[in-house]
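Notes for the one structure printed next.
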Amino acid sequence: MTTAPVVQAAGRLAPLHVRGELLAARRVGAYHHLTLAAPGIPARFRPGTFVALSVGETHLARRAFWIHQVKPMGGYGATIQIVVAPVGVGTRWLADLGVGATLEVTGPLGRPFALPKEPVSCVLIGEEYAAAPLFPLAERLRERGCRVSMVVAGRDEAHLLSTLEAKRSARSVTVVTRDGSIGHKGEVADVVADVLRREEAAVVYGVGTVPSLHAVAAAAEEHGAWSQTAIEQPLTCATGLCHGCAVPVVGEDGAPRLARACADGPVFRGDRVRWNEVAT
């Protein structure tokens, strides 16, 4: 396993359960960006944490979303922005909500990204809507004097998240699309090793599909970098009580065990995940 540099784990505060209000909604490419007033949650936010939203009275399971931005809005103070890909019943319900709608919001949930204590070269790799938490992470890293580079990937141009924002957030941006409509044609796995070498990466952060995160972790270990991967798993309770979002990992003692994506994660050291056993 890769030897980890000295890092500072971001602290966690207890999540809140509040009634939120939809303040703004806009469609950008394949996604809907929703801005929510969720009192108390923005102050507890750390990059890599997420919120769970109730999606109507007929759908019992809540839906989990990365927090993409925290920003002030009018008289509401700090608000949160999430990115919704309307692919199922619950996400389509959210995408169709009108401004002023109310909904139950729980968060922030999960273990956030750890931040380096010293300025180092960092590469942030995000795939489709899952790239959302990397933008506030880039801001925190720049505040610490880190050199930030990004890889933004998607199946096509419409499924890339915030490429213009990425160019404002990072010193260099590599764009990858599966269909070659913009940037490099291919997958994250096709470019990650070259990017890590070019940027002389010391720490690598990744969010996306399991195959892409596996490639990120493997490339980081080969390069001698320390990796953190945020893993998305279907969530039922989103609080760790049901143990329904198991991630196979290797513990600190070297023994295999199961961790909970929602409570022990979603951020895990890339070299501690047993990638071949993670459900895709």
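The values are calculated or read from the model by the stated rules, or taken from the named source; none is laboratory data. What you are looking at is a predicted structure, and each value in this text was computed from that prediction instead of being measured. Backbone-built Cβ (ideal geometry, glycine too); neighbour counts: all protein chains shown. Surface accessibility is based on the protein's heavy atoms, side chains included, excluding ligands, DNA and RNA. Shrake-Rupley method; radii C 1.70, N 1.55, O 1.52, S 1.80 Å.
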Rounded to the nearest 10 Å², the 1.4 Å probe accessible area of residue 71 is 80
Tell me, what are the semi-axes, in whole angstrom and largest first, of the equivalent ellipsoid of the range 218-272 as set by the roots of 5 times the Cα gyration tensor eigenvalues? 23, 13, 7
Any idea what the dipole of the chain comes to, in debye rounded to 20, about its Cα centre with Lys/Arg Cβ at +1 and Asp/Glu Cβ at -1? 660
Summing -39500 (n - 2.57) over the DSSP H runs of n ≥ 4 in the chain and dividing by its residue number, what mean residue ellipticity at 222 nm do you reach, to the nearest 500 deg cm²/dmol? -5500 deg cm²/dmol
Can you give me the distance in nm between label points at residue 164 and residue 242, each placed 7 Å from the Cα along the Cα-to-Cβ direction? 3.9
26 Å tail of the calculated P(r), the chain, as % of Cα pairs: 39
According to a simple spin-label model (label point 7 Å from Cα along Cα-to-Cβ), what is the distance in nm between residue 181 and residue 118? 4.4
Taking just the C-alpha trace of the range 105-253, give me its Rg and Dmax in Å. 15.3, 46
State the antiparallel share, in %, of DSSP beta bridges confined to the range 112-277, rounding to the nearest 5. 25
In terms of the alpha carbon gyration tensor, root eigenvalues a ≥ b ≥ c, rounded if a/c is under 1.5 and otherwise prolate when a/b exceeds b/c or oblate, the range 16-109 is rounded
Cleavage-rule hits, GluC sites (Glu not before Pro), the range 177-213, DSSP coil, Cβ neighbours within 10 Å at most 15: 200
Note: probe point = Cα of residue 194 + 7 Å toward Cβ; backbone nitrogen < 16 Å; residues of the range 121-161 passing the test are 150-154
Could you tell me the calculated FRET efficiency between residue 257 and residue 140, based on Cβ-Cβ distance and R0 = 25 angstrom, to the nearest 0.05? 0.25
Suppose R0 equals 22 Å. What FRET efficiency, 1/(1 + (r/R0)^6) with r the Cβ-Cβ distance, do residue 73 and residue 101 give to the nearest 0.05? 0.90
Positive-pole candidate from 41, 174, 73, dipole of the range 20-177, charges at beta carbon: 174
Calculate what fraction, in whole %, of the accessible area of the range 112-277 sits on carbon and sulfur atoms when a 1.4 Å probe is rolled over the protein chains. 48
Summed side-chain charge close to residue 223 - residues other than residue 223 whose Cβ falls under 13 Å, Lys, Arg +1, Asp, Glu -1: -4
